[in-house]
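Right, one structure below, let's go through it.
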Amino acid sequence: MDRYENYQSPLVARNASTAMCRLFGPRKRIRTWRRLWVALADAQRRQGLAITKRQVDALRRAIDDIDFRAAAAYERKMRHDVMAHLHAFGDRAPQARGILHLGATSAYITDNADLLIMRDALHLIRDWLVNVIDAFLAFNRL
């Protein structure tokens, strides 16, 4: 496991599950940003913008190829996390660089990614609660 897999915090180290740590970790967050950029480009392509299927496919292939060092270098220059990762994503799919983030704001990326991650976190919590309640009920039947 690398340092980009899990969310880091003293409270997390004591209290969070591995699944929850991964869910809020940098790799999952940036992968979710990239999925949103792909979804945006594909929707724009289907609506007739000058975006090719080949460009969208190139983005899809690069979703998991995250270069955190390159993004950190871009962020030192730009002082903007979303733009840094946008440029790092463009490096991994250069044929699609020009169509990334068209008409979008940083809030489109960050807010929607946060919502998707929180949804997944709520699913983890729901599943945990169901297991705890089932175990409690089974124990009380003894």
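The values are calculated or read from the model by the stated rules, or taken from the named source; none is laboratory data. Just so it is clear, the structure is predicted and the values come from calculations on it, not from any experiment. Cβ: placed from backbone, ideal geometry, glycine included. Neighbour counts: every protein chain shown.
Out of 43, 58, report the one residue that is closer than 17 Å to residue 88 by Cβ and not aromatic (Phe, Trp, Tyr).
58
Out of 16, 71, 41, I need the residue that is modelled with pLDDT under 95 and surrounded by 13 or more Cβ atoms within 10 Å (Cβ to Cβ). Which one? Before you say what the answer is, go through the steps one by one.
On the way: 71 fails: modelled with pLDDT under 95; 41 fails: modelled with pLDDT under 95.
Unique residue meeting the criteria: 16.
Residues are listed down the side, and each one gets a yes or a no for (1) out of contact with any strand residue (DSSP E or B) (no Cβ under 8 Å at 6 or more places or on another chain); (2) free of Cβ contacts under 8 Å to residues at least 24 places away in the same chain; (3) of a type in the set (Gly, Ala, Ser):
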| residue | (1), (2), (3) |
| --- | --- |
| 66 | yes, no, no |
| 69 | yes, yes, no |
| 79 | yes, yes, no |
| 95 | yes, no, no |
| 103 | yes, no, yes |
| 106 | yes, no, yes |
| 112 | yes, no, no |
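Picking from 109, 66, which residue would you name as being of a type outside the set (Lys, Arg), under 25 Å from residue 5 (Cα atoms) and not in a helix (DSSP H, G or I)? Steps first, answer last, please.
On the way: 109 fails: not in a helix (DSSP H, G or I).
The conditions single out 66.
Would you be able to say whether some residue in the stretch 128-141 is among the acidic types (Asp, Glu) and modelled with pLDDT under 95?
yes
In the stretch 11-49, how many are over 19 Å from the mean Cα position of the chain (by Cα), part of a loop (DSSP other than H, G, I, E, B) and touching a residue at least 40 places away in the same chain (Cβ under 8 Å)?
Selection size over the stretch 11-49: 1.
For the stretch 125-140, indicate whether the set of residues that are under 23 Å from residue 46 (Cα atoms) and either over 19 Å from the mean Cα position of the chain (by Cα) or outside any helix (DSSP H, G or I) (or both) is non-empty. Lay out the reasoning, then the answer.
From the stretch 125-140, those under 23 Å from residue 46 (Cα atoms) are none; that's our starting set.
So far as the stretch 125-140 goes, no, none of its residues is under 23 Å from residue 46 (Cα atoms) and either over 19 Å from the mean Cα position of the chain (by Cα) or outside any helix (DSSP H, G or I) (or both).
Checking residue 90 against (1) part of a loop (DSSP other than H, G, I, E, B); (2) on the phi < 0 side of the Ramachandran plot: exactly one of these is not met. Which one?
Result: residue 90 passes all but (1).
What's the total number of residues in the stretch 50-63 that are free of Cβ contacts under 8 Å to residues at least 24 places away in the same chain and in a helix (DSSP H, G or I)?
3
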